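Before any comments, here is the structure.
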Amino acid sequence: MTAADLDRAVARARAAQPGWAAASDDQRAEVCRALAALLTDHSEELARLLTQEQGKPLNGLGSRWEIGGAAAWAGYTAGLSLPPKVLQDDAAGRVELHRKPVGVVGSITPWNFPVLIAIWHIVPALRVGNTVVMKPSPLTPLAALRFVELASAVLPAGVLTIVTGDDRAVNLGAEMSSHPGIDKIVFTGSIATGRQVMRSAAGTLKRLTLELGGNDAGIVLPDADPGLIAEGLFWGAFINNGQTCAALKRLYVHDDIHDQVCEALVEYTRNIPVGDGMDEASILGPLQNRMQFDVVSGLVASAANRGQVLLGGKPGEGLFFPPTLIAGLANGDPLVDREQFGPALPIIRYTDIAGAVAAANDNPNGLGGSVWSSDPDAARALALQLECGSVWINKHGAVQPNAPFGGVKSSGMGVQFAEEGLAENTVAQVVFG
């Protein structure tokens, strides 16, 4: 699409927004529930399209899981609301806090979870009376296009519009970020692109919610049971083939159990089927694109020269890369310091817990983290020392719709999900009586 196409989409969204905002809270909730039902009714169609363009398998934590999660998220968000709050009501007067829609929200989504993240952006914005113009990644536009086509059956015209392009002739993301007709941008993607979004948005002082890259650290305490945590460690790191912002990307393991954890991880990982996503037997698929494949290949090659490859390590055919475990690394090694966004996990040995916390925090990212221990109370105490927006105990990356999610440091600003995330799609108005 062209910049003129974007102008027309924004104009439609602006024209539709007052009527959508004027609908009752119950009416908007019902429409959002209808979107959840559409996802459920068309789940297999969308899952197969998603696998064909993104690469993730139909099964495991793949396309069927993503579409099911999108439907559940839409349904949960439909049940949220932000009624007026009475801040004061006494002889001196009455003060109310009202939440009003921002106006037109621009959604820019990435290629790793094309439908789920679109729902994370779209449904909260619609729920509180905004209209949305969304732009999917040019690498994975098809499932999003089909969802918007389906949604047009239940949404008023102009309430949700999709614009697509390859970002070469026209950078629609930059055009959206600077567009005077868009009141807010919600963006999920890399830190570098997030900075560009901020710069483009500055001229119009747009509101922003940015969920950016992560280099999440996990700390395994010496009292953890290697056999019990291996499965959770694997899926924390390798969900969506590691192509997840809040995946486990650095694992710090105490010297007392380091070797046992490595052995348990290798044993679990070697039994995971990797193959064509359309094959019902596959649990992990290929990387999504050549650019990311080359990033992972370079980081793994560097790490192989610095540490010990426990499993994997060699690129496969096409865009397949086997799940890779590399021990003997430390902060300062590229695979530890940089976000790999792929199926390669560095394992770092430590002896001092305070030193492990310092190493985990010694990174510009701050999205998620985890602590693994047989003592949940000790793990929670340690969790509060980590510099990240979310910390999990004995699991990693398990976001849920009733808990706010966002990053600190370079991993973004603002939160999504739950009432706090819903409120980010509004502006506050205080009425003094």
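The values are calculated or read from the model by the stated rules, or taken from the named source; none is laboratory data. In this text the structure is predicted, and so the values were computed from the model without any measurement. Virtual Cβ from ideal backbone geometry, glycine too; neighbours counted across all protein chains shown. Keep in mind that these areas ignore ligands, DNA and RNA; they rest on the heavy atoms of the full protein, side chains included. Shrake-Rupley method; radii C 1.70, N 1.55, O 1.52, S 1.80 Å.
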Hey, among THR193, THR204, which residue is among the polar types (S, T, N, Q), open to solvent by 40 Å² or more (accessible area, probe 1.4 Å) and in a loop (DSSP other than H, G, I, E, B)?
THR204
Which pairs have Cβ atoms under 7 Å, sit 6 or more apart or on different chains, and link a residue in segment 63-75 that is at negative phi to one that is of a type in the set (D, E, K, R) and crowded, with 18+ Cβ neighbours inside 10 Å?
SER63/LYS56
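Mind checking which strands (runs of 3 or more DSSP E) fall wholly inside segment 243-352 and carry at least 1 residues that are charged (D, E, K, R) and open to solvent by less than 10 Å² (accessible area, probe 1.4 Å)?
On the way: elements: 248-254, 308-311, 324-327, 344-350.
The strands (runs of 3 or more DSSP E) meeting that bar are 248-254.
Out of the residues in segment 35-58 meeting the condition of being open to solvent by 30 Å² or more (accessible area, probe 1.4 Å) and among the small types (Gly, Ala, Ser), tell me which one is farthest from ASP279 (Cα to Cα).
Just the residues of segment 35-58 that are open to solvent by 30 Å² or more (accessible area, probe 1.4 Å), to begin with: 37, 40-45, 48-49, 52.
Then drop every residue that is not among the small types (Gly, Ala, Ser), which leaves 37, 43.
Values: ALA37: 27, SER43: 17 Å.
Ranking the candidates gives ALA37 first.
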Determine which member of the set PRO180, PRO222 is closer than 30 Å to ASN394 by Cα and more than 22 Å from the chain's Cα centre (by Cα).
PRO222
Some residue of segment 400-415 being farther than 30 Å from LEU87 by Cα and open to solvent by less than 20 Å² (accessible area, probe 1.4 Å)
yes
Which residue pairs have Cβ atoms under 8 Å apart, sit 6 or more places apart or on different chains, and have a first residue in segment 206-227 that is closer than 16 Å to ALA247 by Cα and a second that is of a type in the set (Lys, Arg) and surrounded by fewer than 24 Cβ atoms within 10 Å (Cβ to Cβ)?
ASN215/ARG338
Is it the case that ASN363 is within 21 Å of the chain's Cα centre (by Cα) and either assigned to a helix (DSSP H, G or I) or surrounded by fewer than 24 Cβ atoms within 10 Å (Cβ to Cβ) (or both)?
yes
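Would you call PHE187 in a helix (DSSP H, G or I) and surrounded by 24 or more Cβ atoms within 10 Å (Cβ to Cβ)? First the steps, then the outcome.
Details: in a helix (DSSP H, G or I): no; surrounded by 24 or more Cβ atoms within 10 Å (Cβ to Cβ): yes.
The answer is no for PHE187.
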Matching residues in segment 69-100 - criterion: being buried (at least 18 other Cβ atoms within 10 Å of the Cβ) and either at pLDDT below 95 or among the polar types (S, T, N, Q) (or both):
THR77
Go through segment 142-163 and count every residue that is in a loop (DSSP other than H, G, I, E, B), touching a strand residue (DSSP E or B) at 6+ places or on another chain (Cβ under 8 Å) and crowded, with 17+ Cβ neighbours inside 10 Å.
3
Exactly one of ASP333, ASP294, ASP352, ASP276 is within 30 Å of GLU44 (Cβ to Cβ) and of a type in the set (Asp, Glu), and that one is ASP276
